[in-house]
1. For the chain, which whole percent of the accessible surface, found with a 1.4 angstrom probe, sits on carbon and sulfur atoms?
2. Per residue, what volume in Å³ does the Cα convex hull of segment 181-331 take up?
3. What are the DSSP H helices in the chain that stretch 20 Å or more along their long axis, judged by alpha-carbon atoms, and whose average Kyte-Doolittle hydropathy comes to at least -1.0?
4. Relative to the present Cα-Cα distance, how much length would full extension add between Thr445 and Ala554 at 0.36 nm per residue of separation?
5. Using a 1.4 Å probe and ignoring any ligands, DNA or RNA, find the accessible area of Ser357 and quote it in Å² to the nearest 10.
6. Take the Cα gyration tensor of segment 124-224, multiply each eigenvalue by 5, square-root it, and list the three semi-axes largest first, rounded to whole angstrom.
7. Any idea of the accessible area per residue across the chain, 1.4 Å probe, to the nearest Å²?
8. Using 0.36 nm per residue, how much length does the chain from Ser146 to Ala227 gain when fully extended, once their Cα-Cα distance is taken away?
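The values are calculated or read from the model by the stated rules, or taken from the named source; none is laboratory data. Just so you know, these numbers come straight off a predicted model, no measurement behind them. Here Cβ is always computed from backbone atoms with ideal geometry, including for glycine, and neighbour counts include all displayed protein chains. Areas reflect the complete protein model, heavy atoms only, side chains present, ligands, DNA and RNA absent. Shrake-Rupley method; radii C 1.70, N 1.55, O 1.52, S 1.80 Å.
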Amino acid sequence: MASRWTHRVRAPGRVNLIGEHTDYNGLPVLPVAIQRSVRIELRARGDRRVRLTNEDPRFEPCEFEIAADLAPFPSGHWGNYAKAAAQALQRRSGLDGGFDGLVAGDIPAAAGLSSSSALVVASALALLAANGIELERGELMELTASAERYVGTDSGGMDQAISLGGRAGHAVRIDFDPLRLEPVPLPADWRIVIANSLVEARKSGGAQAAYNARVRECREALAALLARPTALGLPTTYRGLVSGVQSGRLLELAAALPAPLSGRFRHVVTEAARVDEAVAAMRAGDLEAFGRLLDASHASLRDDYEVSCKELDELVGCAREHGAAGARLTGAGFGGCAVLAARAEALPGLLAGLAQSFYGRRGIDPVARDALLVAEPSDGAQTDRLEDAYARVGPTTMPLSAAEIEDLRRAQKLLEHPGLAIKLTNLIGTPIEKGMALLPKRASTLVNDATTKALRAALRLAVVTMGKKPRPASRATHRVLAIGSGAAGGFFGLPALAIELPVSTAIILRSVADIARSEGEDLSSPESRLACIEVFAFGGPSRGDDAAETGYFAVRSALSIAVAEAAQFIAEKGLVEEGAPVLVRLVAQIASRFSVAVSEKLAAQAVPVVGALGGATVNAIFVSHFQDMATGHFIVRRLERAHGFEEVRRAYANLDLAGSRAPPRIGPRASGDPPRIA
Ligand code: GLA
């Protein structure tokens, strides 16, 4: 099909924790890549043209021809960020293959969260994908940083480096000349909140001149200092000064400079020291010390660097009043966002406090304005080849109708609440752990083995027999069959598992396929068939090693690459090579989750009060659990076909936000989980 997108690139925005206006002085920064990003779906063209459409109607479509010297669109035009990448890459590697791209993004613009650098990085990745070229990450970080100066801002290299080099769960200390990245784990009970002052700070607008003036003043301050006779023998760079001269002496040097250079110099050298201390505080889990550093940074940016504004000062003050350990403006300043650090338990009070005080006073609903965000430290930019079905559908951002939102709510209820362990516990009246304790030591090996075999058989079944004759979904029949299998088998404990599990799994799979069809899936496509197999990964684990991955979308994203690769493989080769690594990998990933459910089932069946009949009831619950998962999963996929993956995911996350109706999460992180404001 001519209109298919072949690739999707994604480049995240960032929030800088500390180290502001240091990067262009060769000094370190400590940003975090966030969950918000710029995405481009694309397909290569046969010529040199780049044609871009933006999902956001405020940004009109644009196109240009790749060249080593590109005349910019008028100042402030969003297409200039793509031109910046194209010009730099054409100069670097001679690439000139154009592409058609659909751009989407959810990083608030002009907010100091680096939406523009994310667009440059995404454009560069799109060009590389369209031309089949790969560049080393470090080189790409430097190339995109200098590329962006095309738009007229003399910015440093922080934003592009973190967009490409972010790490989930981590902040990243970045040093320059030469570029070095050092991930620093964010302590589990810290939360980073981004609060938007809603004062626009456009990098391509008024803030640009003010930003460039700061860059110039820093150079002038250094030159003025080195020109003094007393400077003889001093290092000649900011980096040299910060690492080789005592802080007291640096402050004396600053004081000897005229205003405003003295303040500029003082900010830069003290901020660099704060980055070192902040990294140490983060490694030590000392939130109070970290918070004090944020506060000091804000004061310095406000008084010495003069890049704050009264709204940001007020926001930072409110944040502290309502329980933040520290807060400061983030990004270039002149408006935009503040970054707040708080302990997990302080989060509800902090968000509510800000909503009432800073936003309430202005009659602003912070959720409606997308002004409050709990940062999820995320991985850096990536390029994906698109699975066929998604490409066929293409993305759209039509919002969901009220009826569809209700469907989604129903799906979410099924998918997230409650887990199998709780259902089984309710049935047997004893915590599942009791049953677990009754299982012999070798149980987990046997369970893993049986699970993998059962899933392999299910995969074979799905690929070979599915999609033949459409029938309406009939949950009851399948449940009866499964009960039958359990009852006939009775409970023979572990040895029976190897025989019984493939049977139950096959029965569940047939039922899942029926549910899939009833939600409009076309089971002749490998991708839909694999979506049936995927169901076995949902709804757990309820006792988890990695509880961060219990949510439905988290599991889907964890599986997405394996599913896409397997779908492509099956589409090309069928199932001739069952042992192919892509298929083995997919089965292993699903088995690691499915085996938790299987052990829970086994544990429930091991509790003495549950006899043969009880064993059958346990099986029935097991089957109906996965039927629930299938119903939820295929409702979500139906909505995705109409609205695109991102739109549905966003709507799903917003349902979480609806407070009282939020599904309880099962798993150790449940209590500390931040409310999802997305
Ligand atoms: C902007 C620039 C960065 C950095 C920050 C301030 O985001 O793009 O390079 O200078 O401002 O720290």
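1. It is 55 percent, rounded to a whole number.
2. Dividing the Cα hull volume of segment 181-331 by its residues yields 134 Å³.
3. 79-93, 115-131, 206-227, 261-284, 287-303, 402-416, 443-465, 475-489, 494-518, 552-573, 581-606, 612-643
4. 36.7 nm
5. Accessible area, nearest 10 Å²: 10 Å².
6. They are 25, 22, 17 Å, listed largest first.
7. Dividing the accessible area of the chain by its residue count gives 39 Å².
8. 26.3 nm
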